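Following: one structure in structure tokens, then a few remarks.
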Amino acid sequence: MKQSKKTPIALIVLLLAASLIVPNVGGEQLEVQIATRTDLFPIPNIILPSQGFATVMLALMLAMTALSVYLTFVRNKKTPLIAVIAFSFGLIMAVLAWLFSGATMTFTTLLAGSLALAVPLIFGSLSGALSERVGIINIAIEGQLLAGAFTSALVASVTDSVLLGILAAMIAGALVASILAVFSIKYLVDQIITGVVINVLIIGLTSFLFSTLLADNISLLNQPPRFERISIPLLGQIPVIGPVLFNQTLIVYLMYLAVAGVFLALFKTRWGLRLRSVGEYPKASDTVGINVFRTRYMSVMIGGALAGLGGSFFTLGQVGAFGKEMTNGAGYIALAALIFGRWNPVYAAMAALLFGFALNLQYALQIVGSPLPSEFLLMLPYVLTVVAVAGLVGKVKGPAAAGKPYVKS
Amino acid sequence: MRLELKGITKKFGDFTANDQIDLVAESGEIHCLLGENGAGKSTLMNVLYGLYQADGGEVILDGKPTKFAGPGEAMKAGIGMVHQHFMLIPVFTVAENVILGHEPTKPLGFLDVEKARELVREISSRFGFDIDPDAVVGDLPVGVQQRVEIIKALISDAQVLIFDEPTAVLTPQETDELMEIMRQLKDEGKAIVFITHKLREVKEVADKITVIRLGKVVGQAKPSDTTEQLASMMVGREVDLSVNKDPANLGEASFQVQNLTAFSPSGNKVLDDVSFEVQRGEIFVIAGVQGNGQTELAESILGIQDKVSGSIKLEGKELLGKSVKKVLDSGVGFVPEDRTEDGLVADFTIAENLMLDRSDRPPFAKGIQLQLKNLHEFAGQKLKSFDIRARSIFSKANQLSGGNQQKVVLARELSRDLKLLIASQPTRGLDVGSIEFVHEQIVAARDSGIPVVIIATELDEATQLGDRVAVMYKGKIVGVVSPDTQREELGKLMAGISA
Ligand SMILES: Nc1ncnc2c1ncn2[C@@H]1O[C@H](COP(=O)(O)OP(=O)(O)OP(=O)(O)O)[C@@H](O)[C@H]1O
Ligand SMILES: [Mg+2]
């Protein structure tokens with residue numbers, strides 16, 4: 001069998017793009033600020049010659065591309081993941097050098113913001129993982145996020161409680177998931193179509209309620225309390241790591257728990273073993289006495305609850321109010337992260353972080369005033385998604401029974 | 001324990017697969033169920049196991065009428081089943097597959113992986129299997145997967161055990177071992193229902209024999225009946241159990257394999273400098289215990305084996321390094337060893353499966369348009385000539401009985417213009433009547449003047465069908481002999497003891 005040529009080709013294309021950028025890196029130097037106010041000890045800013053730094057990164061990318069070409073075409077071997085990661089690092093650094101040259105790049109804040117922005121993506125991809133691992137394709141993540149965002153804003157505003165808000169968001173997410181579950185498990189409707197229809201439905205429903213209900217009673221119905229930043233003592237003061245990981249809001253800490261929890265549950269428990277068996281070969285699960293239908297309903301709905309929780313980030317975390325269609329395609333990016341992460345919650349979370357970084361970069365650049373038009377920057381996360389899924393993921397196989405309804409004779 | 005099936009009727013739509021069937025399985029007894037492909041044996045067992053719901057009749061356990069809403073309840077009642085089609089999850093390990101449904105756990109529902117491994121090892125050693133609990137099932141040869149199925153059925157300590165054609169994928173040695181295991185289980189007081197098409201096995205272990213045809217019980221037979229008697233009772237006519245063929249009319253050696261060496265993904269040598277030639281008009285049988293490189297040899301020829309070197313020439317053209325499509329297009333007919341995995345698309349109809357790799361050319365396509373009329377005509381013909389028992393050409397492949405699925409693959413591969421035919425265990429899972437037919441077809445292919453390569457694990461099939469018999473052992477061809485070589489001689493070669 002021949003190795004897939006996708007990886008080296010993707011790398012060559014990206015390398016060419018980067019080599020167009022690097023000569024254009026203007027400005028004398030790039031100032032990188034790592035320290036934040038809460039650090040235990042001060043760290044001076046790093047000053048790099050921007051052109052030189054970009055060139056070094058280009059060289060790194062060139063080396064990785066050459067390695068990949070050599071391995072694929074001469075040795076007929078797979079490109080190791082570490083080479084792809086090194087390449088991506090080089091690419092990101094080169095692009096950063098180009099964009100931030102002459103300005104100060106607040107590196108740590110950039111990372112912390114990326115993590116926060118990745119929150120709904122990560123919760124969304126967990127929903128996808130739970131659903132697809134049990135054999136139900138989940139296009140409805142977008143709808144689940146949006147329902148969570150809307151409900152949490154409404155309930156938190158009325159009750160003035162963040163906790164009740166996220167609880168309501170989880171219920172809303174689970175309800176949306178239950179529509180997906182019933183149509184695909186009971187009525188055997190095509191799962192992709194069901195998912196798309198659900199998204200359209202939820203967008204319509206929330207927009208309608210927003211204009212008829214929330215818009216007129218903003219102070220009562222759409223002014224929820226927001227997540228507060230909670231700094232974890234000591235851990236939060238470690239430079240870089242502290243501000244990025246341990247000086248975040250409640251929902252970020254919940255996200256850590258959720259990623260670890262879903263990973264452990266899927267791969268280390270009886271529950272997860274059964275769930276995955278249903279997603280691979282439901283008939284085999286049936287023959288050992290596992291209730292295929294119940295397993296599917298449960299898993300899809302738990303996933304929906306998690307996505308709903310993630311949706312509350314938009315209203316209670318980021319914006320502070322509900323807005324029409326405010327999830328803005330995050331559900332689809334979460335789906336891409338899931339596939340990029342090969343249906344593994346931990347890898348999917350890492351992929352989502354990458355997308356979160358792209359999102360945040362776009363905000364950061366608008367602030368420093370970048371050489372790129374902002375419309376182009378808005379494309380960034382999506383371009384990254386396409387390149388990542390098409391080029392770098394390679395051949396992946398999802399759960400074998402995903403999308404296939406189970407029918408008993 | 002005494003299990004009684006009384007008047008079981010099962011319909012699929014308006015088709016009656018089981019019609020008022022009675023059957024009794026008693027503790028300490030092996031009850032053989034015989035019947036043609038599509039007779040309804042698996043259906044009956046699936047009803048008994050709670051996988052299908054019967055349309056009539058009842059299951060009586062120790063005198064009490066029982067109803068199983070699902071396999072879980074059947075398992076709890078002490079029924080275990082080895083399914084004809086593996087109920088294994090390919091991406092799971094052996095241990096995970098074995099414990100699925102009754103997992104040993106630690107607090108909080110965490111899997112006790114060590115205990116799972118222990119269980120696999122314990123049962124393996126009780127029955128003399130050698131299985132790595134951490135191996136991924138999809139990577140294992142079918143013979144080993146079959147053992148995993150058996151371990152799975154035994155783990156829940158069932159009192160009634162159903163074996164649905166377990167020996168179809170086993171080598172003669174493995175079959176003997178399984179017979180031994182069944183006797184051991186019988187002595188432990190279990191009730192056993194055993195389905196097979198191999199009459200030798202029936203005569204060897206059966207205490208009782210029930211024969212069904214077209215969904216109905218046609219009668220009981222005795223283990224002392226002759227093979228011919230059993231065969232004709234099953235099929236409803238006289239069956240010729242030997243292969244009839246004229247002396248080979250040999251042409252030039254148009255298929256040549258030279259110095260073929262291949263490695264497994266983990267780096268083991270699976271083919272070791274294999275060379276042979278097959279002449280036009282010759283059936284060249286490759287015999288040997290499964291797992292000695294036959295699969296890899298067949299896959300190398302087809303072009304799906306990794307890391308191969310050497311040369312494979314058909315009519316002077318090199319096949320090695322070509323894509324599967326190119327290989328098939330150059331006139332290679334291929335019957336894979338795992339028909340459900342590699343031979344058929346389960347969700348496609350019989351008609352679609354019959355054209356599968358030829359959907360882009362006449363007579364099935366004109367430009368980009370499918371010629372459905374031609375296809376349906378063709379499929380109708382094949383259904384008849386291969387005696388595929390299905391309601392129509394629009395039945396889905398996964399609704400066919402095991403043997404009929406095999407016939408669909410054979411019908412497709414044998415009905416093109418071939419320059420070479422390669423078949424791995426072409427009669428696996430077929431009833432005696434169908435075996436007779438398939439053997440005739442293979443001999444006809446040979447007499448049409450093409451080289452034929454058959455991979456066989458059954459000694460009888462190897463010697464009856466072959467014009468020459470090669471024996472493979474540990475990736476090497478250790479001898480090429482004439483088909484009238486003594487059984488013992490062949491057995492020794494297969495065990496790696498060279499003469
Ligand atoms: N799910 C299904 N839907 C429709 N028809 C079915 C289904 N399962 C089996 N059949 C039909 O019922 C008949 C009996 O099938 P069954 O699998 O019981 O045969 P079998 O005796 O086990 O044959 P074999 O020896 O080939 O395994 C066949 O004609 C088959 O096409
Ligand atoms: Mg059967």
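Some notes on this structure:
- Selection of strands (runs of 3 or more DSSP E) fully inside region B:1-69 by the criterion of at least 3 residues being free of Cβ contacts under 8 Å to residues at least 40 places away in the same chain returns B:64-66.
- Test result for A:Gly331, crowded, with 24+ Cβ neighbours inside 10 Å, small (Gly, Ala, Ser), within 11 Å of chain B (Cβ to nearest Cβ) and in contact with a Gly (Cβ under 8 Å, 6 or more places away or on another chain): no
- Subset of region A:333-373 that is touching a Pro at 6+ places or on another chain (Cβ under 6 Å) and not small (Gly, Ala, Ser) - its residue that is farthest from A:Ser88 (Cα to Cα): A:Leu359
- Residues (away from ligand 1 (no atom under 16 Å from the Cβ) and touching a Lys or Arg at 6+ places or on another chain (Cβ under 7 Å)) located in region B:417-464: B:Val443, B:Gly449, B:Ile450, B:Pro451, B:Val452, B:Leu459
- In region B:162-179, residue nearest to ligand 1 (Cβ to nearest atom) [restricted to those that are among the aliphatic types (A, V, I, L, M) and away from chain A (no Cβ under 14 Å)]: B:Ala168
- Subset of region B:84-96 that is assigned to a helix (DSSP H, G or I) and more than 8 Å from chain A (Cβ to nearest Cβ) - its residue that is farthest from the chain's Cα centre (by Cα): B:Ala95
- B:Phe163 falls short on exactly one of the conditions (1) more than 13 Å from ligand 2 (Cβ to nearest atom); (2) under 17 Å from the mean Cα position of the chain (by Cα); (3) at pLDDT 90 or above, and that condition is (1).
- Checking B:Ile123 against (1) more than 16 Å from ligand 2 (Cβ to nearest atom); (2) under 22 Å from B:Ile181 (Cα atoms); (3) in contact with an Asp or Glu (Cβ under 8 Å, 6 or more places away or on another chain), the condition it does not meet: (3)
- Residue within region B:61-80 that is closer than 21 Å to B:Gly219 by Cα, within 16 Å of ligand 1 (Cβ to nearest atom) and not assigned by TED's automatic domain parsing to the domain that holds B:Ile435 present: no
- When we screen B:Glu282, B:Glu337 for residues that are more than 21 Å from the chain's Cα centre (by Cα) and in contact (Cβ under 8 Å) with a residue 12 or more places away in the chain, the only hit is B:Glu282.
- Of the residues in region B:49-57, at least one is away from chain A (no Cβ under 14 Å) and more than 16 Å from ligand 2 (Cβ to nearest atom).
- When A:Ala116, A:Ala140 are checked against the criterion of being within 23 Å of A:Phe263 (Cβ to Cβ), surrounded by fewer than 24 Cβ atoms within 10 Å (Cβ to Cβ) and touching a residue at least 60 places away in the same chain (Cβ under 8 Å), a single residue qualifies: A:Ala116.
- The criterion of at least 2 residues that are of a type outside the set (Asp, Glu), crowded, with 17+ Cβ neighbours inside 10 Å and within 14 Å of another protein chain (Cβ to nearest Cβ) is met, among helices (runs of 4 or more DSSP H) falling completely within region A:189-284, by A:250-268, A:270-280.
- Within region B:380-418, being farther than 25 Å from B:Leu328 by Cα and hydroxyl-bearing (Ser, Thr, Tyr) holds for B:Ser392, B:Ser395, B:Ser401.
- When residues of region B:14-48 are limited to those that are within 14 Å of another protein chain (Cβ to nearest Cβ) and of a type in the set (A, V, I, L, M), the one surrounded by the most Cβ atoms within 10 Å (Cβ to Cβ): B:Leu44
- Flag if B:Val193 is aliphatic (A, V, I, L, M) and modelled with pLDDT of 95 or more: yes
- Being more than 14 Å from the chain's Cα centre (by Cα) and either within 16 Å of ligand 2 (Cβ to nearest atom) or within 14 Å of chain A (Cβ to nearest Cβ) (or both) is a property that does not hold for B:Gln406.
- Hey, A:Phe313 assigned to a helix (DSSP H, G or I) and in the same structural domain as A:Ser125 (by TED's automatic domain parsing) or not: yes
- Inside region B:371-389, residues that are among the aliphatic types (A, V, I, L, M), surrounded by fewer than 21 Cβ atoms within 10 Å (Cβ to Cβ) and within 16 Å of ligand 2 (Cβ to nearest atom) make up a count of 0.
- Some residue of region A:334-341 being β-branched (Val, Ile, Thr) and within 20 Å of A:Ala174 (Cβ to Cβ): no
- Which listed residue, of B:Lys366, B:Lys326, is free of Cβ contacts under 8 Å to residues at least 40 places away in the same chain, more than 19 Å from B:Ser424 (Cα to Cα) and assigned by TED's automatic domain parsing to the domain that holds B:Ile454: B:Lys326
The values are calculated or read from the model by the stated rules, or taken from the named source; none is laboratory data. Just so it is clear, the structure is predicted and the values come from calculations on it, not from any experiment. Here the Cβ is made from the backbone with ideal geometry for all residues, glycine too, and neighbour counts use every protein chain on show.
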